[in-house]
Amino acid sequence: MKLASLKNGQRDGCLVLVSRDLQTCCPAPAPYTTLQAALDDWDVAKPILESLSQDLNQGSAADSRAFKEQDCCSPLPRAYQWADGSAYVNHVELVRKARNAEMPDSFWTDPLMYQGGSDAFLGPQEDIPMASEAWGIDFEGEVAVITGDVPMGATPSQAADHIRLVMLVNDVSLRGLIPAELGKGFGFFQSKPSSAFSPVCVTPDELGEHWREGKLHLPLLVSYNHKAFGCAEAGEDMTFNFPTLVAHAAKTRPLGAGAIIGSGTVSNKQDGGPGKAVSEGGRGYSCIAEIRMIETIQTGAPTTSFMKFGDHIRIEMKDPQGDSIFGAIDQTVSAYETTDPSK
């Protein structure tokens, strides 16, 4: 089934069931009027919501209406937990190679993960507000899962049973702020502002054969300023699958229902080396930083700039028939005023 949260003036939005073709929706019944409420009582809520989803897809649901992606919050407008991994080690390898740093062998066996801010996600088609272009504004196209309650110390096999929903994410990053923050030895904070998630999240069974081995095997389509920028295959080159990432997050703490775990930037190798631009017949990239890394490796310096005010990013995934699965993250960078004179 497919679920979304519509803006209704409340922090957590209004949970709706969405038809498979993303054309219609209907409200979820009480007490499951928000996605968090449904996740908190998933074993009871799921069959009720599945029955309503079946009616909606058959055209027999009461109170059905047109579904409009622009009316959506992120599926969880705020969450108790947002932890982002770096499952595509190819991406990490390129980052380090571009600055002539060796990559520890442990990166291939122990996932990287950071804890992001989860109290104020952007809507999937809301602007990305920034005070300065000098911050190095970048997008990151990723896949994410929402979990149920995961016990501390869960194995990957056990963690797989607690994955409830799948969605896409734009993990906005401020590349100009990252080096100084990491240099303090205490991780990301200001350099990782609010993320945005796809209008719709789906249960893994909705993905059919494309969800297997704890991975989503479809291309992630990234369009930057209305030109094809990336179509990396999300199931390839993913060193750590989602059950492994969830288990990593739960190693020393339990995860509450509604925890979001991200894959990190989707990244592919081609012909044994870095990916190629879409314009060169390759699969392109899921963030600007990666193409800048490759430019640095190949020519000694990057030539592609980070995002400017007015730049546009679209992140989407389609099934083999060309139909959108999650709807689109469709955002524009905009300027906002700050009271801090130093910005």
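The values are calculated or read from the model by the stated rules, or taken from the named source; none is laboratory data. Since the structure is predicted, the reported quantities are computational estimates derived from the model, not experimental observations. Using ideal geometry, Cβ is built from the backbone for each residue, glycine included, and neighbour counts are taken over all protein chains shown. Side chains included, ligands, DNA and RNA excluded: accessible areas come from the protein's heavy atoms. Shrake-Rupley method; radii C 1.70, N 1.55, O 1.52, S 1.80 Å.
Please give the length that would be gained between R20 and I48 if that part of the chain were fully extended, namely 0.36 nm times their separation in residues minus their C-alpha to C-alpha distance (nm, one decimal). Walk me through the intermediate numbers first.
Values: separation 28, 0.36 × 28 = 10.08 nm, distance 1.71 nm.
That works out to 8.4 nm of additional length.
What full-extension length gain, to one decimal in nm, is calculated for D161 and Q70 as 0.36 nm per residue of separation minus the Cα-Cα distance?
Working: separation 91, 0.36 × 91 = 32.76 nm, distance 3.20 nm.
So the chain would gain 29.6 nm between D161 and Q70.
Segment A180..D205, full-extension length gain: 4.8 nm, with 0.36 nm per residue of separation and the alpha-carbon distance subtracted.
How much of the DSSP beta bridge set in the chain is antiparallel, as a percent to the nearest 5? Working shown, then result.
Values: 54 of 61 bridges.
For the chain, the DSSP antiparallel bridge percentage is about 90.
Solvent-accessible area of T24, all protein chains in place: 50 Å² (probe radius 1.4 Å, heavy atoms, ligands and nucleic acids excluded). Over segment 207-251, accessible surface divided per residue gives 42 Å², non-protein components excluded, 1.4 Å probe. Measuring with a 1.4 angstrom probe and ignoring ligands and nucleic acids, K46 comes out at about 70 Å² accessible.
Taken about its Cα centre, segment 281-343 carries a charge dipole of about 200 debye when Lys and Arg each add +1 at the Cβ and Asp and Glu each add -1 at the Cβ.
Shape index of segment 1-102: Rg/Rh, with Rg the Cα radius of gyration and Rh the Kirkwood radius from the inverse mean 1/r over Cα pairs, equals 1.18.
Rounded to the nearest 20, the Cβ-based charge dipole of segment 212-343 about its Cα centre (Lys and Arg +1, Asp and Glu -1) stands at 280 debye.
Which order do peptides 33-45, 179-191 fall in by mean Cβ count within 10 Å, highest first? Walk me through the numbers on the way to the answer.
Working: 33-45: 18.5, 179-191: 11.8.
The peptides rank, most packed first, as 33-45, 179-191.
Among C14, C73, the sequence by solvent-accessible area, most first, with a 1.4 Å probe is C14, C73. Could you name the lysines in cross-link range of K46, using Cα to Cα under 30 Å and dropping any fewer than eight places away on the same chain? The qualifying lysines are K2, K7, K68, K215, K251, K318. Helix 288-299 and the longest principal axis of the Cα set of the chain meet at an angle near 30°. For the chain, the fraction of 1.4 Å probe accessible surface lying on carbon and sulfur atoms is 48 percent. Helix 42-57 and the long axis of the chain differ in direction by around 80°, with both axes built from C-alpha atoms. With respect to the chain, whose longest principal axis is taken over its alpha-carbon atoms, helix 89-98 is tilted by about 30°. The alpha carbon convex hull volume per residue for segment 179-337 rounds to 177 Å³.
Pick out, in residue order, every one of the trypsin sites (Lys or Arg not before Pro) in segment 13-100 that is DSSP loop and has at most 16 other C-beta atoms within 10 Å; say none if there are none. Within segment 13-100, the qualifying trypsin sites (Lys or Arg not before Pro) (loop, at most 16 other Cβ atoms within 10 Å) are R20, K68, R99.
Between amide H atoms placed 1.01 Å from N, distances below 5 Å from L22 occur with no residue 5 or more places distant or on a separate chain.
Only protein heavy atoms count here; on that basis, with a 1.4 Å probe, I178 has an accessible area of about 20 Å².
If you wrap segment 226-277 in the convex hull of its Cα atoms and look at it from every side, the mean projected area works out to 5.3 nm². Of the residues F121, F309, F242, the one that moves most in a GNM of the chain with alpha-carbon contacts below 10 Å is F309. Each of T303, Y285, G258 was scored by the projection of its Cα onto the charge dipole of segment 239-343, and the greatest displacement toward the positive side belongs to G258; charges sit on the C-beta of Lys, Arg, Asp and Glu. Phi angles across segment 193-207 convert, under the Karplus curve 6.51 cos²θ - 1.76 cosθ + 1.60 with θ = phi - 60°, into 3J(HN,Hα) values of x, 4, 8, 10, 10, 4, x, 10, 10, 9, 6, x, 5, 5, 8 Hz, Gly and Pro given as x. Charged side chains reduced to their Cβ positions (Lys and Arg at +1, Asp and Glu at -1) give the chain a dipole of some 540 debye around its Cα centre.
For segment 233-319, what is the convex hull (Cα atoms) projected area averaged across all directions, in square nanometres? Show your work: numbers first, answer last.
Details: hull surface 35.5 nm².
Across all orientations, segment 233-319 yields a mean hull projection of 8.9 nm².
On a C-alpha basis, how far is the centre of segment 31-66 from the centre of segment 187-249 in Å? Whole number, if you could? Here the answer is 24 Å between Cα centres.
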